[in-house]
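Enquirer: Quick one: structure below, then a few questions.
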Amino acid sequence: MLIRSAKEDVKYVMHSREEIAARVRELGRELTEKFGDKKPLMLCVLRGAAFFFTDLCKEMDCLMDMDFISASSYFKGTKSTGTVHLVKDTDINMEGRHVIVVEDIIDSGLTLEYLVKLFQTRNPASVTTVSLLDKVVDKPERFQVDYYGFKIPDEFVIGYGLDYADYYRNLPYIGVLKEECYQ
Ligand code: PRP
């Protein structure tokens, strides 16, 4: 059997699974303190945020419900196309709810900006954004996320939900993809 390894394509590990778990635990504690009495509506932005979302929800000790939305703007590339495509909308009515939007990464900021604007038209009590990774970009006008796990440099990262051309999401850590894999 010829196994095609995903790990072989990783240039280096940026955040190990242990570091991620520890940071997710802290974020879960902070969000429980802030929203523990508010029965938040946790909203996962598929597909990249899937692992972060489930881990974060397990680290929050409060009543909550969960919903899933699917948005896409990269379409197999390493740069945003600039257009956010809503693939699947929410199922739960968010009117009067404290909505916590959970993302894996904020890069150009277009996805979160688009989603927050959309949700604000639906009369929620509040909209809070959380992203595991916050890419440091030199654009002061970019959308600012409320909570983040790690600030990261401008490198193309994969793993723990993040993909390149839909591969590598299953890596248990955040890594940088070898250039030859996308050139
Ligand atoms: C990725 C990621 C975020 C978004 C962030 O989604 O999961 O949703 O891009 O980038 P931005 O800040 O430049 O908008 P993608 O479009 O690759 O879809 P996916 O989650 O299904 O991989």
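The values are calculated or read from the model by the stated rules, or taken from the named source; none is laboratory data. Remember, predicted model here, so these are calculated numbers, not experimental data. Every residue, glycine among them, receives a Cβ derived from its backbone with ideal geometry; neighbour counts consider all protein chains shown. Only protein heavy atoms, including side chains, enter the accessible area calculation; ligands, DNA and RNA are left aside. Shrake-Rupley method; radii C 1.70, N 1.55, O 1.52, S 1.80 Å.
Enquirer: Give me a count of the residues in segment 93-110 that are open to solvent by less than 30 Å² (accessible area, probe 1.4 Å) and either over 23 Å from ASP55 (Cβ atoms) or of a type outside the set (Asp, Glu) (or both). Step through it out loud before you land on a result.
Expert: Step one: list which residues in segment 93-110 are open to solvent by less than 30 Å² (accessible area, probe 1.4 Å), which gives 94, 99-104, 106, 109.
Then drop every residue that is not either over 23 Å from ASP55 (Cβ atoms) or of a type outside the set (Asp, Glu) (or both), which leaves 94, 99-102, 106, 109.
Number of matching residues: 7.
Enquirer: Tally time: how many residues in segment 114-138 are under 18 Å from LYS151 (Cα atoms) and within 12 Å of the ligand (Cβ to nearest atom)?
Expert: Residues that pass the stated criteria total 7.
Table: residues versus (1) more than 15 Å from the chain's Cα centre (by Cα); (2) without any contact (Cβ under 8 Å) to a residue 60 or more places away in the chain; (3) closer than 25 Å to LYS11 by Cβ.
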position	(1), (2), (3)
VAL87	yes, yes, no
ASP91	yes, yes, no
ARG97	yes, yes, no
VAL116	no, yes, no
TYR148	no, yes, yes
VAL157	no, no, yes
GLY161	no, no, yes
ILE174	no, no, yes
TYR182	yes, no, yes
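Enquirer: Being in a strand (DSSP E or B) and open to solvent by 30 Å² or more (accessible area, probe 1.4 Å) is the filter here; which residues of segment 32-46 pass it? It would help to see each step written out before you state the result.
Expert: Narrowing segment 32-46 to residues in a strand (DSSP E or B): 41-46.
Result: LEU46, single match.
Enquirer: Somewhere in segment 26-34, is a residue β-branched (Val, Ile, Thr) and within 16 Å of the ligand (Cβ to nearest atom)? Break it down stepwise before answering.
Expert: Kept after step one, since they are β-branched (Val, Ile, Thr), are these residues of segment 26-34: 32.
Restricting the remaining residues to those that are within 16 Å of the ligand (Cβ to nearest atom) gives none.
Within segment 26-34, none of the residues are β-branched (Val, Ile, Thr) and within 16 Å of the ligand (Cβ to nearest atom).
Enquirer: Moving on. If a residue has to be part of a strand (DSSP E or B) and either hydroxyl-bearing (Ser, Thr, Tyr) or surrounded by 16 or more Cβ atoms within 10 Å (Cβ to Cβ) (or both) to count, how many in segment 47-76 make the cut?
Expert: Step one: list which residues in segment 47-76 are part of a strand (DSSP E or B), which gives 65-72.
Next, from what is left, pick out any that are either hydroxyl-bearing (Ser, Thr, Tyr) or surrounded by 16 or more Cβ atoms within 10 Å (Cβ to Cβ) (or both): 67-72.
Matching residues across segment 47-76 total 6.
Enquirer: Here's another thing I want to ask about it. I'd like to verify a number: residues in segment 60-90 that are hydroxyl-bearing (Ser, Thr, Tyr), near the ligand (Cβ under 9 Å from one of its atoms) and modelled with pLDDT under 90, how many? Steps first, please.
Expert: Taking segment 60-90 as the starting set, the residues that turn out to be hydroxyl-bearing (Ser, Thr, Tyr) are 70, 72-74, 78, 80-81, 83, 90.
Checking which are near the ligand (Cβ under 9 Å from one of its atoms) leaves us with 70, 72-74, 80-81.
Retained after the next criterion (residues that are modelled with pLDDT under 90): 72-74, 80-81.
Count: 5.
Enquirer: Can you tell me which condition ALA22 does not meet? The list is (1) farther than 16 Å from TYR168 by Cβ; (2) part of a strand (DSSP E or B); (3) open to solvent by 30 Å² or more (accessible area, probe 1.4 Å); (4) not polar (S, T, N, Q), and all the others hold.
Expert: (2)
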